[in-house]
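The values are calculated or read from the model by the stated rules, or taken from the named source; none is laboratory data. Computed from a prediction, not measured in an experiment: that's the story for all the values here. Every residue, glycine as well, gets a Cβ built from its backbone with ideal geometry; the counts of neighbours run over all protein chains shown.
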Amino acid sequence: MSLSKARDLLRLAEMAASRHMGVSLAEIAEEFDADHRTAQRMTKALEDVFQNVEVNTDEDRRRRWKLRDSSLLRLKGAGLGDSELAALEMSIKRAEREGATHDVKALISLRDRLLAHMPGPHARRAEADAEAVLEAYGYASRPGPRVRAEPLVLETIAQALKGPFLLVVTYAGPKDNEPRERVLEPYGLLLGIRRYLVAREQGKTGGLQHFRLDRIGKARLGAQSFARDLDFDLLAHSARAFGSYHADAEFGDVVWRFRPAAAAAAREFVFHPQQELSDEKDGCLTVRFRAGGWLEMAWHLYAWGDQVEVLEPQELAALVAAHRRSDFPAMP
């Protein structure tokens, strides 16, 4: 079975499972722009693959195929594609513009419930893909400063990551007098104000390194693939830093205390994926997590002025002590 036919069969199974009376040949032909004979072949494939398909006849003497147990559909993983999620998001935007607050709440609830039933990696990918679609349609924008990245370099990196293939780049490191060619085993991207490629350089001992995308001059796919380290987890790796810059020597406990006036605003932030929040008796909010990257933390903390106090680490407390202003008209 080809990939396109497998997708069509899964879509047919969705239809047969979600419709109360099942699906008819006419509905199949309309959905897949197929003739009657092709629709019949698809129902035969549905019966062969899914053992719990019921075939009934409705009051108009039309045969209908109903899938009673849809648990096998979970094998699809995501269950909600980027185009479907983007359509939901655009419907929310349209309802907001039209002032249909009840519809907005209902659509947001539906979106959240669908994402909640998706495995974590699939949900994150669907959200990211949907953001890209919304941006292309003009329904979303990405404000704020960021370093330029060459589109062709990003496209080549994406192809290498999907392979996975070796990646040949021209790169100028901080200690290089001029760019030189390197052969990398790519593992993922860290996206922040600056963007980093997580990769292992062939011919070098040691662990993974971070390569700044703005220092990559050229990139092309290597002729070979490579065996990824199956124990590597990009999310766990990225969680070792507050932002995209990693400093293993700075990794450790981080504790911030927000004043009562800032507690409500701070509670809406996800400062770190493994953060712990605790409400204090005096109305303060304490945030705890483990990470490194004090400079990026200091950049963020500056925006809170004197509404946040660094309890740990002491090095970070000293870094921000002289910059806690009281005259900011708003909090982040």
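For (1) free of Cβ contacts under 8 Å to residues at least 40 places away in the same chain; (2) of a type outside the set (A, V, I, L, M, F, W, C), each residue gets a yes or a no:
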position	(1), (2)
Leu221	no, no
Phe251	no, no
Ala261	no, no
Val270	yes, no
Pro273	yes, yes
Asp279	yes, yes
Trp294	no, no
Leu316	no, no
Arg324	yes, yes
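So that you can scan it fast, the table gives a plain yes or no per residue for (1) in contact with a helix residue (DSSP H, G or I) (Cβ under 6 Å, 6 or more places away or on another chain); (2) modelled with pLDDT under 70:
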residue: Leu80; (1), (2): yes, yes
residue: Ser91; (1), (2): yes, no
residue: Arg97; (1), (2): no, no
residue: His102; (1), (2): no, no
residue: Ser109; (1), (2): no, no
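State which residue is nearest to Leu12 (Cα to Cα) when the search covers only the stretch 45-71 and only residues that are surrounded by fewer than 11 Cβ atoms within 10 Å (Cβ to Cβ) and either over 35 Å from the mean Cα position of the chain (by Cα) or aliphatic (A, V, I, L, M) (or both). So the residue we want is Asp48. Meeting the requirement of 2 or more residues that are on the phi > 0 side of the Ramachandran plot, of a type in the set (S, T, N, Q) and in the same structural domain as Ala160 (by TED's automatic domain parsing), no helices (runs of 4 or more DSSP H) wholly within the stretch 219-332 can be named.
To keep it simple, each residue is scored yes or no on (1) surrounded by fewer than 15 Cβ atoms within 10 Å (Cβ to Cβ); (2) in contact with a helix residue (DSSP H, G or I) (Cβ under 9 Å, 6 or more places away or on another chain); (3) among the β-branched types (Val, Ile, Thr); (4) more than 14 Å from Arg220 (Cα to Cα).
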site: Phe165; (1), (2), (3), (4): no, yes, no, no
site: Tyr171; (1), (2), (3), (4): no, yes, no, no
site: Pro174; (1), (2), (3), (4): yes, yes, no, yes
site: Asn177; (1), (2), (3), (4): yes, no, no, yes
site: Gly188; (1), (2), (3), (4): no, yes, no, yes
site: Ile193; (1), (2), (3), (4): yes, yes, yes, yes
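Restricting the first member to the stretch 142-160 and to residues that are farther than 20 Å from Ser225 by Cβ, and the second to residues that are basic (Lys, Arg), the beta-carbon pairs closer than 7 Å and six or more apart or on different chains are Val147/Arg194; Val147/Arg195; Ala149/Arg195. When the stretch 296-316 is filtered for residues that are surrounded by 15 or more Cβ atoms within 10 Å (Cβ to Cβ) and of a type in the set (A, V, I, L, M, F, W, C), the ones remaining, listed by number, are Met297, Ala298, Leu301, Trp304, Val308, Val310, Leu311, Leu316.
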